[in-house]
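Okay, so here's the structure we're looking at.
The values are calculated or read from the model by the stated rules, or taken from the named source; none is laboratory data. Quick caveat, the model's predicted, so the values are computed rather than measured. Because the Cβ atoms are built from the backbone with ideal geometry, glycine has one as well, and the counts that use them run over all protein chains shown. In case anyone asks, the SASA skips ligands and DNA or RNA and just uses the protein heavy atoms, side chains included. Shrake-Rupley method; radii C 1.70, N 1.55, O 1.52, S 1.80 Å.
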Amino acid sequence: MAKGGALGADPAQKHRKHTQRRDAKRNKDARDKMREVAVLYKDTGKMERKIEQFRSISQTRRMTAAERERLSAMEAELKDVLQKQKEAGIARVKRNPNEKAVGFDPLAEAEDKAAL
């Protein structure tokens with residue numbers, strides 16, 4: 001007996017593949033929209049600190065070509081994000097420069113509860 005190739009594709013398998021392709025396209029559109037929205041609310045302070053770190057390299061030594069290229073790419077990205085935020089009318093979030101960017105600390109929360 002001949003296998004599936006001689007008889008043509010299995011209709012159920014063909015339908016599953018078609019559904020997967022359709023869902024992948026739909027999901028791609030949703031992901032693109034999510035990325036656009038994420039750019040509007042991106043923390044520019046973190047980006048600015050990274051740029052300052054790269055600029056401080058030039059004070060201690062010569063920057064390599066790759067570092068200069070990375071710095072210019074980061075500056076262009078920051079400029080693009082700021083422009084998109086301005087066009088959307090979203091105000092920049094100003095953070096305290098002394099504030100550390102840390103995640104959830106369960107010990108700190110336990111200490112706060114114990115102090116009460």
inquiry  = Just the residues that are aliphatic (A, V, I, L, M), under 21 Å from Gly89 (Cα atoms) and either touching a Lys or Arg at 6+ places or on another chain (Cβ under 7 Å) or surrounded by 10 or more Cβ atoms within 10 Å (Cβ to Cβ) (or both), please, taken from segment 38-78.
reply    = Val39, Leu40, Met47, Ala76, Leu78
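Does Ala12 satisfy being open to solvent by less than 100 Å² (accessible area, probe 1.4 Å), at pLDDT 85 or above, of a type in the set (A, V, I, L, M, F, W, C) and assigned to a helix (DSSP H, G or I)?
Yes.
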message = Quick check on Leu82: is it open to solvent by less than 50 Å² (accessible area, probe 1.4 Å), part of a helix (DSSP H, G or I) and not polar (S, T, N, Q)?
response = no
query = Take the residues of segment 24-37 that are charged (D, E, K, R) and under 13 Å from the mean Cα position of the chain (by Cα): which is least open to solvent (accessible area, probe 1.4 Å)?
reply = Asp32
